[in-house]
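Notes for the one structure printed next.
The values are calculated or read from the model by the stated rules, or taken from the named source; none is laboratory data. What you are looking at is a predicted structure, and each value in this text was computed from that prediction instead of being measured. Every residue, glycine among them, receives a Cβ derived from its backbone with ideal geometry; neighbour counts consider all protein chains shown.
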Amino acid sequence: MTISSSRTARQQRIVSILSSRAVRSQTELLGILAADGIDVTQATLSRDLVDVGAEKVRVGKSLVYAVPGEGGDRTVRVAPDGQETTSRLAQRCHELLVSADVSANLVVLRTPPGAANFLASAIDHTSVRGVVGTIAGDDTIMVITTSASTSRTVAARLMAYTRKENV
């Protein structure tokens, strides 16, 4: 993954990390960022955590960093477990996905008018193996994958969620 060295890109990566896994310390977060090729000092990281609104919250017997939800929701959210995000994606596909077409390393998804951003967000917040990212319009989503074979697998998986028994 190539990440810009800008403050905004770094802070977006921090939010992405804190939204996807439990991070217990700034030292742990520094290590994760370093593995991504982002070199940052502890002082800068501390300022970034304040800027993104991260807070330490109790989960079980330990404290982990959490960030506020999207869309102006200032409620601090702990990173959901993988099963929770996958079931959310399955539910969104069942409700919103109309069709999926594959072309090379792209999957083109169709939704009812106005629903594409909602489904794309669910895909973006779920670790779907091989998905690089999504671009959403009004009723169409382009899912970029790592290869043509991955595109076929992703399309089949998302369409499987449209069947009632898979929700």
Legend entry - Residues (surrounded by 12 or more Cβ atoms within 10 Å (Cβ to Cβ) and without any contact (Cβ under 8 Å) to a residue 12 or more places away in the chain) located in the range 113-155: 124, 149
Legend entry - In the range 8-52, the residues that are farther than 19 Å from residue 127 by Cα and in a loop (DSSP other than H, G, I, E, B): 24, 25, 37, 38, 39, 40, 41, 52
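Do the conditions hold for residue 139, that is, is it touching a helix residue (DSSP H, G or I) at 6+ places or on another chain (Cβ under 7 Å) and either assigned by TED's automatic domain parsing to the domain that holds residue 66 or not hydrophobic (A, V, I, L, M, F, W, C) (or both)?
Against the criterion (touching a helix residue (DSSP H, G or I) at 6+ places or on another chain (Cβ under 7 Å) and either assigned by TED's automatic domain parsing to the domain that holds residue 66 or not hydrophobic (A, V, I, L, M, F, W, C) (or both)), residue 139 qualifies.
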Inset, instruction - Pull up the range 10-56, narrow it to residues that are of a type in the set (Ser, Thr, Tyr) and touching a residue at least 60 places away in the same chain (Cβ under 8 Å), then point me to the one that is surrounded by the fewest Cβ atoms within 10 Å (Cβ to Cβ). - result: 20
Legend entry - Those residues of the range 86-112 which are of a type in the set (Ser, Thr, Tyr), surrounded by 16 or more Cβ atoms within 10 Å (Cβ to Cβ) and either in the same structural domain as residue 20 (by TED's automatic domain parsing) or farther than 20 Å from residue 150 by Cα (or both), in sequence order: 111
